[in-house]
Amino acid sequence: MFVRTTNGETHCDGFDEVGALFGGVVSLVLGGLFMLLFSEPSPSDLGFLGVVAFASAGRRYSLRIGREGIRLTLHRLWFVRVQRRHSLLDADIDVHYDLDEARPWGLVIRELHADPGFDNESDVFGPRFGEERLFRLHARLVAALDAARASVAEELAPPDFRNVGLGPQGGAFDLVRAMRDKRGRLRRVHSVSTVYVGEVAVPPGSTFHFNEDRFLDPRRDDRLREVVLGGPIPLLGMTVRPGASLVFAPSGRLSSLRGAFGPEVEIDGTWVDGREVLSFDEEGELISFTLGRDGRAAGRRIPRGSRFQCWIGDGILPTRWTVRLGGPIALPDITLRAGESIELSDDVAEVTAINPRRDVKTYGLVVRAGIVPIPLCKDGRIDVAGCLKCGIFRVGAETC
């Protein structure tokens, strides 16, 4: 692992230690077994095996941080480039933690404003053995990133309005009286005529909020954060109130509403509290809402005021719902209180786990709460085998 700074650019080069060790060992073991099974190893065969093992261990990473951004390159076989990633300076370099072992496992580049089709997180890189080495490298790279940001921080942003979807409608905004930050980036502007954001017609007198307080790369377009309506608009077969907040995805799709309707409105057959945040997926389906009336899920009454949130499956965990309860709900082993939560299957037909704020006693054992969701069986009882697998049982303790 080498880190140096020349001409204002920081260079970091190192090995993927786990990948190098795995590649070298596997090639030696498999190649050795092949030779022993099918031939009598000769000196040349052993030499060839050594070359293969050496090449297989050649897994390197190279990182460059400067005014142009963050450039990560991954190599295999020492010199074969298999991946190259260029991020702007508003990306972050963070420590990546292993979910199973809860320990640092390397570094990643995370994008807060990833362009469509661009992963918001890089592959893991950096030292894998020795937390002190990892944290020391992280501190040096963060300092280099801060220095690169500082070198461009004094550059004023172009005075024009930069947004792919809204830029052509620049005449609909009062840009003369717009609020900007000290670098000239647009922060807040009022509309003077109708503005079309995706399929939503935003009325005059609405307030558009752009960008954020955190550092934004000068090459980045103005990012629309929120729209506060200056008048009513028709939406979802109802009328959205003036003062409601609308949030849009980068594509222009409406992703969430807040303060849009009354305390009890029906959307897609569900009675929700229209004053709270309502979020929608790409198909326009509700994925986050607060119940405006008592509802039912998994054969149980779910109290009014309960907050539903859908989490899309990611290849590790399945699609599921988390429900923060607005009132008590009785299960065979525990009665959950308001503010505690349950997890539901994708079709909301089964309670799969619970998140109480206190330990739970069952079968003479105590399940520790707050570490991971406590798994349940299909009958609603605590899944003892699942708890043992998660390591959240302890013996001889009392519940809180």
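The values are calculated or read from the model by the stated rules, or taken from the named source; none is laboratory data. Computed from a prediction, not measured in an experiment: that's the story for all the values here. Positions of Cβ are backbone-derived with ideal geometry, glycine not excepted, and every protein chain shown enters the neighbour counts. In case anyone asks, the SASA skips ligands and DNA or RNA and just uses the protein heavy atoms, side chains included. Shrake-Rupley method; radii C 1.70, N 1.55, O 1.52, S 1.80 Å.
Using Cβ point charges alone (K and R +1, D and E -1), the dipole size of the chain about the Cα centre works out to roughly 940 debye. Averaging the Cα positions of each part gives two centres, and for the stretch 64-99 and the stretch 335-368 these lie 40 Å apart.
Helix by helix, which DSSP H runs in the chain go 24 Å or more along their axis at the Cα atoms and have an average Kyte-Doolittle hydropathy of 1.6 or more?
Working: long enough: 17-38 (31 Å, 2.06); 131-153 (32 Å, 0.28).
Length and hydropathy pass: 17-38.
Among [x] 5, 19, 27, 24, 17, 7, 1, 0; [y] 4, 16, 18, 21, 21, 13, 4, 1, 0; [z] 4, 20, 29, 27, 13, 4, 2, 1, 0, 0, find the value of P(r) over Cα pairs in 10 Å bins from 0, in percent that was calculated from the structure presented, and write down its label. Computed from these coordinates, P(r) over Cα pairs in 10 Å bins from 0, in percent corresponds to label [y]. Put Lys182, Lys361 in order of accessible area, highest first, and with a 1.4 Å probe you get Lys182, Lys361. With a simple spin-label model that places each label point 7 Å from the Cα along the Cα-to-Cβ direction, the separation between Glu283 and Val3 comes to 4.6 nm. Kirkwood analysis of the stretch 228-275, using all unique Cα-Cα pairs, places the hydrodynamic radius at 11.2 Å.
Once the cut-off is 23 Å, how many percent of the Cα-Cα pairs in the stretch 173-275 end up in the long-distance tail? Don't jump to the answer; show the numbers that get you there.
On the way: 1655 of 5253 pairs.
I get 32 percent for the Cα pairs in the stretch 173-275 exceeding 23 Å.
If a spin label sat at a point 7 angstrom from the Cα of Glu154 along the line to its beta carbon, the backbone N atoms of the stretch 161-185 nearer than 18 Å would be those of 182-185.
Per residue, what accessible area does the chain have, given a 1.4 Å probe and all protein chains present, in Å²?
Values: 21370 Å² over 400 residues.
On a per-residue basis, the chain sits at 53 Å².
Expected output is a single nm value to one decimal: the length gained when fully extending between Leu175 and His86, i.e. 0.36 nm times separation in residues minus the C-alpha distance. What is it?
Taking 0.36 nm per residue and subtracting the Cα distance, the gain is 28.8 nm.
Once you sort the root eigenvalues of the Cα gyration tensor of the stretch 261-357 as a ≥ b ≥ c, which label holds: rounded (a/c under 1.5), prolate (a/b larger than b/c) or oblate (the other case)?
oblate
Shape of the stretch 192-231 from its Cα gyration tensor (a ≥ b ≥ c, root eigenvalues): rounded if a/c is under 1.5, otherwise prolate when a/b > b/c, or oblate? Don't skip to the end; give the middle numbers.
Details: a/c = 3.05, a/b = 2.14, b/c = 1.42.
Prolate shape, in that a/c is at least 1.5 and a/b is the bigger ratio.
Per the Kirkwood formula on distinct C-alpha pairs, the Rh of the stretch 218-320 is how many angstrom? Could you put the intermediate results ahead of the total?
Values: mean 1/r = 0.0666 Å⁻¹.
Result for the stretch 218-320, one decimal place: 15.0 Å.
For the chain, the carbon plus sulfur part of the accessible surface works out to 56%, probe radius 1.4 Å. Ordered from largest to smallest accessible area (heavy atoms of protein chains, 1.4 Å probe), the residues Cys12, Cys390 come out as Cys390, Cys12. Only protein heavy atoms count here; on that basis, with a 1.4 Å probe, Val164 has an accessible area of about 120 Å².
Accessible-area rank, largest first, for Ser206, Ser279: Ser279, Ser206, with all protein chains present and a 1.4 angstrom probe.
Provide the three semi-axes, in whole Å and in decreasing order, of the ellipsoid equivalent to the stretch 303-387 as defined by the square roots of 5 times the Cα gyration tensor eigenvalues. Walk me through the intermediate numbers first.
On the way: eigenvalues 76, 54, 25 Å².
Equivalent ellipsoid semi-axes, largest first: 19, 16, 11 Å.
Computed about the Cα centre, the dipole magnitude for the stretch 261-357 is approximately 660 debye when only Lys and Arg (+1) and Asp and Glu (-1) carry charge, each at its Cβ.
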